[in-house]
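Here the structure comes first, spelled out in structure tokens, and everything after it is commentary.
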Amino acid sequence: MNREKLKKSALKALRFITNPRFLLCFGLAWIITNGWSYVMLAAGTYFGIGWMTAVAGAYMAFLWFPFSPEKVATFAIAMALLRWLFPKDEKTLKVMKELYASAKAKARAFREKHKAKKESPDRN
């Protein structure tokens with residue numbers, strides 16, 4: 001039962017991520033958050049502009065850090081672009097709203113659990 005639910009959720013997420021409209025928006029979001037640094041690095045190296053190479057290299061070093069918030073920002077920008085560029089894509093927007101509602105419910109449950117644990121009399 002649990003395996004089937006996981007399989008169904010994974011398939012739904014895969015369909016959402018591989019949607020051509022979402023991929024287009026993700027590409028645009030990637031250019032906004034990352035692509036400019038690759039272009040600056042190439043241009044700075046080709047034309048010998050030191051500050052351009054340094055800025056791009058520093059930002060790219062930040063990007064490759066495993067816990068960089070850029071990854072979350074890229075995905076958030078992609079979802080915002082999807083809503084803005086394709087407002088009539090009901091199927092994808094429905095999946096996005098379901099994912100948002102699920103995440104919101106899980107966050108609420110986590111906060112309530114943490115609050116109850118914090119207020120319990122057994123706490124030292």
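The values are calculated or read from the model by the stated rules, or taken from the named source; none is laboratory data. As the structure is a computational prediction, the values presented were derived from the model and not from experiment. No Cβ is skipped: glycine too gets one built from the backbone with ideal geometry, and neighbour counts run over all protein chains shown. All accessible areas refer to the heavy atoms of the entire protein, side chains included, with ligands and DNA or RNA removed. Shrake-Rupley method; radii C 1.70, N 1.55, O 1.52, S 1.80 Å.
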**Message:** Suppose we keep only residues that are open to solvent by 90 Å² or more (accessible area, probe 1.4 Å) and more than 25 Å from the chain's Cα centre (by Cα) within the stretch 1-60. Which one would you say is nearest to residue 87 (Cα to Cα)?
**Reply:** 4
**Request:** Working carefully through the options 97, 71, find the one that is of a type in the set (Lys, Arg), part of a helix (DSSP H, G or I), open to solvent by less than 100 Å² (accessible area, probe 1.4 Å) and within 26 Å of residue 19 (Cα to Cα).
**Result:** 71
**Pair list, Cβ under 8 Å, 6 or more apart: the stretch 68-92 residue under 13 Å from residue 26 (Cβ atoms) and of a type outside the set (Phe, Trp, Tyr), other residue open to solvent by less than 80 Å² (accessible area, probe 1.4 Å) and assigned to a loop (DSSP other than H, G, I, E, B)** = 82/89; 92/19; 92/86
**Item:** Meets criteria (among the small types (Gly, Ala, Ser), at pLDDT 90 or above, touching a Leu at 6+ places or on another chain (Cβ under 7 Å) and in a helix (DSSP H, G or I)) for residue 27
**Value:** no
